[in-house]
Amino acid sequence: MHETKIDPGICIYNIIIHGMCNSSKVDDAWDLFCSLNFKGAKPDVKTYNIMIGGLCRKGSLSEADALFRKMKQDGYEPDGCTWNTLIRAHLRGGDITTSVQLIEEMKSCGFSSDASTVKIVMDMLSSGELNKSFLEMLSGPSRDKSASLV
């Protein structure tokens, strides 16, 4: 019988990395992510988003931030998913300063908050963790690369 060498494309790797992250195997997902170039697969924005999301859910915000910076250094433009994932993670972690910086940068790139980010902000407003000026800043004008839900 012939041995068949399967060469999965980045879509297959994205599915595997996503599954690992959802199964709380973020460290294994990270190892696979880091080995993609050696396997001849080039990560795309979705790959970065999956890995950033996994790191955020794990609570590894500094690693997620570092990967976000690497993503941009490698020439990948963050999309609305990237921005909102990081903003939500920093809000959940109580890092309002970084959240504000990310929101301002996101808006300058023409993206808006998504419904999940708005929900977290509303929950934090109602519990007194944020003040109303945060909501005004969040809903300020953007260059509209994605629809504003605020």
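The values are calculated or read from the model by the stated rules, or taken from the named source; none is laboratory data. No experiment lies behind these values; they were computed from the predicted model shown. A quick note on method: Cβ atoms are made from the backbone with ideal geometry, for glycine too, and the neighbour counts reach across all protein chains shown.
Below are the figures for this structure:
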| item | result |
| --- | --- |
| Tally, over the stretch 14-44, of residues that are in contact with a helix residue (DSSP H, G or I) (Cβ under 7 Å, 6 or more places away or on another chain) and either among the hydroxyl-bearing types (Ser, Thr, Tyr) or under 17 Å from ASP79 (Cα atoms) (or both) | 3 |
| The stretch 87-107, subset of a type in the set (Gly, Ala, Ser) and modelled with pLDDT of 90 or more, residue surrounded by the fewest Cβ atoms within 10 Å (Cβ to Cβ) | GLY93 |
| Failed item, numbered, when SER146 is tested on (1) surrounded by 13 or more Cβ atoms within 10 Å (Cβ to Cβ); (2) among the polar types (S, T, N, Q); (3) at pLDDT 90 or above | (3) |
| Hits in the stretch 108-125 - residues which are surrounded by 16 or more Cβ atoms within 10 Å (Cβ to Cβ) and either under 20 Å from GLY59 (Cα atoms) or touching a Phe, Trp or Tyr at 6+ places or on another chain (Cβ under 6 Å) (or both) | PHE111, THR117, ILE120, VAL121, MET124 |
| Any pair with Cβ under 6 angstrom, 6 or more apart, that starts in the stretch 101-128 at a residue that is under 18 Å from PHE68 (Cα atoms) and ends at one that is surrounded by 14 or more Cβ atoms within 10 Å (Cβ to Cβ) and hydroxyl-bearing (Ser, Thr, Tyr) | LYS107/SER142; GLY110/SER142; PHE111/SER146; SER112/SER142; SER112/SER146; SER112/SER148 |
| Selection from the stretch 55-67 of residues that are out of contact with any Ser or Thr (no Cβ under 7 Å at 6 or more places or on another chain) and either closer than 18 Å to ILE17 by Cα or not hydroxyl-bearing (Ser, Thr, Tyr) (or both) | LEU55, ARG57, LYS58, GLY59, SER60, LEU61, GLU63, ALA64, ASP65, ALA66, LEU67 |
